[in-house]
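A.B. asks: If you scroll down you'll find the structure; I have some questions about it.
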Amino acid sequence: MKKNVCILLFTFVTLALSAQRNVDRTNFRAGLNGGAILGDFSDDYSFGLGLDMYHHWGVSKAMDIGVTAGFFNAFGEKEVINNGSSTLETEFANLQYVPIGASLRIYPGKNVGFKFGGDIGYVLGINEGNEGALYFRPSLGIDLRDGTNEFNVSYFVVNDDVQFSSLVLSYLFLF
């Protein structure tokens, strides 16, 4: 699995570097994200905060490809179980991921800041007992302030034995 992800990343980077001469929309993006935890983990984790970093190259007027990395921390909840005469309190440890992947963005219209696409790759589990897994992150975004900032909405999914998912809002600065 890790070998396939590395081959996929290498292919995207190679295509991106060879495509730089076609369209000059090359940029670096970095920003903050936050979101609600959904699915299997929603009872044990309240919300997540993170950092996104991208480097995109323009392949055509309608498409960018690139690489991405970041950090995401899901905050654990406290749970109190009351059994009449006794009370048990537990606290779930934070889940921490470092996603590393390939990125694709499609621009459907001419001179429109709207884009859609996604990221795919591998997340490294940082905290104890948190193994890495394949992840994907479809997204919708819009450029703000004449293309110097971006706001996007995405769905971050880690496919492990139990699926972790989060609806994420991000604000990115383009350099």
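A.B. asks: Assuming 0.36 nm per residue, please report the length gained on full extension of the stretch Thr148 to Phe28 beyond their Cα-Cα distance. Show your work: numbers first, answer last.
C.D. replies: Values: separation 120, 0.36 × 120 = 43.20 nm, distance 1.05 nm.
Extra length available between Thr148 and Phe28 comes to 42.1 nm.
A.B. asks: Tell me which residues come under 5 Å, amide H to amide H, from Leu124 once H is placed; ignore anything under 5 positions away on its chain.
C.D. replies: Under 5 Å from the amide H of Leu124: Val98, Ile100.
A.B. asks: Under 15 Å from the Cβ of Ile106, count the other residues' Cβ atoms, weight Lys and Arg +1, Asp and Glu -1, and hand me the total.
C.D. replies: Values: positive: Arg25, Lys61, Arg105, Lys110, Lys115, Arg137; negative: Asp64, Asp119, Asp143, Glu150.
That works out to +2.
A.B. asks: Here is a further query. Please sort 46-52, 64-70, 125-131, 157-163 by packing, taking for each peptide the average over its residues of neighbouring beta carbons within 10 angstrom, highest first.
C.D. replies: Working: 46-52: 18.3, 64-70: 20.9, 125-131: 12.0, 157-163: 14.4.
The peptides rank, most packed first, as 64-70, 46-52, 157-163, 125-131.
A.B. asks: What's the FRET efficiency of Phe71 with Val162 using the Cβ-Cβ distance as r and R₀ = 25 Å, to the nearest 0.05? Kindly include the intermediate steps, with their values, before the conclusion.
C.D. replies: Details: r = 21 Å, r/R0 = 0.84.
According to the calculation, E is roughly 0.75.
A.B. asks: Now for a separate question. Amide H to amide H under 5 Å from Val67: which residues, 5+ apart in sequence or cross-chain, H placed 1.01 Å off N in plane?
C.D. replies: For Val67, whose amide H was placed from the backbone, the distant partners under 5 Å are His55, Ser103.
A.B. asks: Continuing with the same structure: Identify which of the listed values of P(r) over Cα pairs in 5 Å bins from 0, in percent was calculated from the structure shown: [x] 1, 8, 10, 10, 10, 11, 12, 12, 11, 7, 4, 2, 1, 0; [y] 1, 9, 17, 21, 21, 15, 8, 5, 2, 1, 0; [z] 2, 8, 16, 20, 17, 14, 9, 6, 3, 2, 2, 1, 1, 0, 0.
C.D. replies: Read-out from the structure maps to [z].
A.B. asks: Let me ask something else. Can you give the extra length, in nm with one decimal, that the chain gains between Lys78 and Phe92 once fully stretched, where that is 0.36 nm per residue apart less the Cα-Cα distance? Could you put the intermediate results ahead of the total?
C.D. replies: Details: separation 14, 0.36 × 14 = 5.04 nm, distance 0.64 nm.
Going from the current span to full extension adds 4.4 nm.
A.B. asks: Continuing with this model, one more query. Provide the packing ranking of 132-139, 25-32, i.e. peptides ordered by the mean count of other C-beta atoms within 10 Å per residue, highest first.
C.D. replies: On the way: 132-139: 19.2, 25-32: 16.2.
By packing density, highest mean first, the sequence is 132-139, 25-32.
A.B. asks: I need the phi-derived Karplus couplings for segment 63-76: 6.51 cos²θ - 1.76 cosθ + 1.60, θ = phi - 60°, integer Hz, Gly and Pro marked x.
C.D. replies: Each residue of segment 63-76 in turn: 8, 10, 10, x, 10, 9, 8, x, 8, 9, 10, 9, 7, x Hz.
A.B. asks: Another question about this same structure. Provide the per-residue ³J(HN,Hα) series for segment 91-96, in order, calculated from phi with Karplus coefficients 6.51, -1.76, 1.60 and θ = phi - 60°, each as a whole number of Hz, with x at glycine and proline positions.
C.D. replies: For segment 91-96, the Karplus-derived couplings read 10, 7, 5, 4, 9, 10 Hz, x marking Gly and Pro.
Bear in mind that the values in this text are calculations on the coordinates, not laboratory data. Fair warning: this is a prediction, and the values are worked out from it, not measured in the lab. Counting neighbours? That spans all protein chains shown, and the Cβs are built from the backbone with ideal geometry, glycine included.
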